[in-house]
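In what follows, a single structure is set out as structure tokens and then discussed.
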Amino acid sequence: MAALLLVLLLFAVQSPPVPSRPVADTGTPSPPPSLSSDNGTTTHPNGTLQQLPQIIIIGVRKGGTRALIEMLSLHSEVAAAQNEVHFFDWESHFQKGLPWYLSQMPYAFPNQLTVEKTPAYFTSSKVPKRIHHMNPDIKLLLILRDPTERVLSDYTQIFYNRLQKHKHYQPIESVLVKDGEVNLGYKALNRSLYYVHMQNWLQYFPLESIHIVDGDELIRDPLPEMKKVERFLKLEPQISASNFYFNKTKGFYCLRDHGRERCLHDSKGRAHPHVAPVIMQKLYKFFHEPNKKFFELVGRTFNWK
């Protein structure tokens with residue numbers, strides 16, 4: 001009888017399950033694993049486990065990846081890594097191997113799908129092969145915005161980063177245009193040549209394994225886009241209109257989850273710098289043909305200028 005009481009006491013004080021949703025970092029370390037196996041999982045006595053992701057948000061930078069993973073985390077069957085892992089694109093991380101990658105994943109219950117997001121994956125030529133080698137059946141989410149708007153968001157992020165660090169920054173016109181023409185040496189432009197990067201992914205994954213989220217529509221009306229994501233991932237429909245509310249002050253939708261309301265960080269949704277109309281026309285003209293090639297490649301059109 002004494003032994004039975006001791007077992008019950010130990011069970012009663014056992015650690016609670018780790019939440020499946022991203023939460024603020026409290027400085028509390030993750031529970032130490034008690035069992036490691038060779039099947040891509042690390043388990044904990046409370047029934048949660050770390051597992052290699054079944055879903056990866058591969059990009060694109062400034063396409064809305066943070067909004068997407070936050071919205072996806074509203075679903076009870078999804079456990080999301082809080083930080084960008086950069087395993088497949090950073091050699092210093094990749095050389096640590098899959099055990100290190102696994103250690104970066106959240107603790108989740110067995111019925112949950114694990115997702116991580118690293119926007120730089122989409123434009124890195126070596127990443128598709130590496131992910132395919134890990135799991136050829138993985139589900140990939142790619143969120144894209146109007147290429148011109150994405151370039152402006154890219155510049156805006158760098159502009160504010162340099163401003164906060166009191167570093168010199170170049171006016172946007174000087175990076176977008178060189179000698180009167182679109183500056184092909186500007187990296188942000190390359191990131192918006194979606195068809196170039198998509199061709200690389202389609203060498204390793206069928207189009208059916210990659211769901212493209214319309215980032216512009218996700219901003220305007222998030223629910224329809226998230227219902228498409230649920231269907232692609234074969235998740236039970238859970239995300240509803242009650243999970244979203246429009247914040248007039250910020251000018252975009254925020255999230256409501258079990259009575260708790262939260263908005264994206266203030267760094268999201270910043271106003272773009274003014275760009276002369278003549279330069280904007282140069283950008284629209286520059287992206288016209290690449291956009292057309294992308295539409296043909298994926299069999300789908302987007303409302304891009």
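The values are calculated or read from the model by the stated rules, or taken from the named source; none is laboratory data. If you're wondering where the values come from, they're calculated on a predicted model, not measured in any experiment. Using ideal geometry, Cβ is built from the backbone for each residue, glycine included, and neighbour counts are taken over all protein chains shown.
Annotations
- Residues (at pLDDT 90 or above and part of a loop (DSSP other than H, G, I, E, B)) located in the stretch 238-262: Q238, I239, S240
- The set of residues in the stretch 182-226 being under 16 Å from I55 (Cα atoms) and within 19 Å of the chain's Cα centre (by Cα) consists of W201, F205, L207, E208, S209, I210, H211, I212, V213, M226.
- Residue within the stretch 283-303 that is farther than 27 Å from P128 by Cα, out of contact with any helix residue (DSSP H, G or I) (no Cβ under 9 Å at 6 or more places or on another chain) and either modelled with pLDDT under 95 or not basic (K, R) (or both) present: no
- Restricting I69, I131 to those that are closer than 22 Å to S240 by Cα, β-branched (V, I, T) and surrounded by fewer than 24 Cβ atoms within 10 Å (Cβ to Cβ) reduces the list to I69.
- Matching residues, the stretch 171-193, being farther than 13 Å from Y155 by Cβ, in contact (Cβ under 8 Å) with a residue 60 or more places away in the chain and assigned to a loop (DSSP other than H, G, I, E, B): L193
- Subset tally (residues that are buried (at least 18 other Cβ atoms within 10 Å of the Cβ) and either among the polar types (S, T, N, Q) or modelled with pLDDT under 95 (or both)) for the stretch 100-125: 6
- Matching entry among P224, P237, P290, P277 (being under 30 Å from G180 (Cα atoms) and either in contact with a Gly (Cβ under 8 Å, 6 or more places away or on another chain) or loosely packed, with under 15 Cβ neighbours inside 10 Å (or both)): P277
- Matching residues in the stretch 110-133 - criterion: being more than 16 Å from L144 (Cβ to Cβ), touching a Ser or Thr at 6+ places or on another chain (Cβ under 8 Å) and part of a helix (DSSP H, G or I): none
- Checking S92 against (1) modelled with pLDDT of 90 or more; (2) over 30 Å from D154 (Cα atoms); (3) of a type in the set (S, T, N, Q), the condition it does not meet: (2)
- Failed item in (1) under 20 Å from Y195 (Cα atoms); (2) among the β-branched types (V, I, T); (3) in a strand (DSSP E or B), with T148 passing the rest: (3)
- Pairing each residue of the stretch 43-58 that is more than 16 Å from H211 (Cα to Cα) and in contact (Cβ under 8 Å) with a residue 12 or more places away in the chain with any residue that is surrounded by fewer than 18 Cβ atoms within 10 Å (Cβ to Cβ) and β-branched (V, I, T), provided the two are 6+ apart or on different chains, yields C-beta distances under 7 Å for L49/T43.
- Looking only at the stretch 194-237, and only at residues there that are free of Cβ contacts under 8 Å to residues at least 60 places away in the same chain and either assigned to a loop (DSSP other than H, G, I, E, B) or aromatic (F, W, Y) (or both), the one that is farthest from N291 (Cα to Cα): P237
- Only one entry in S34, S76 is among the polar types (S, T, N, Q) and at pLDDT below 95, namely S34.
- Residues satisfying the criterion are present in the stretch 43-58 (criterion: among the polar types (S, T, N, Q), part of a strand (DSSP E or B) and touching a His at 6+ places or on another chain (Cβ under 9 Å)).
- Every residue from the stretch 238-254 that is free of Cβ contacts under 8 Å to residues at least 12 places away in the same chain and aromatic (F, W, Y): F246
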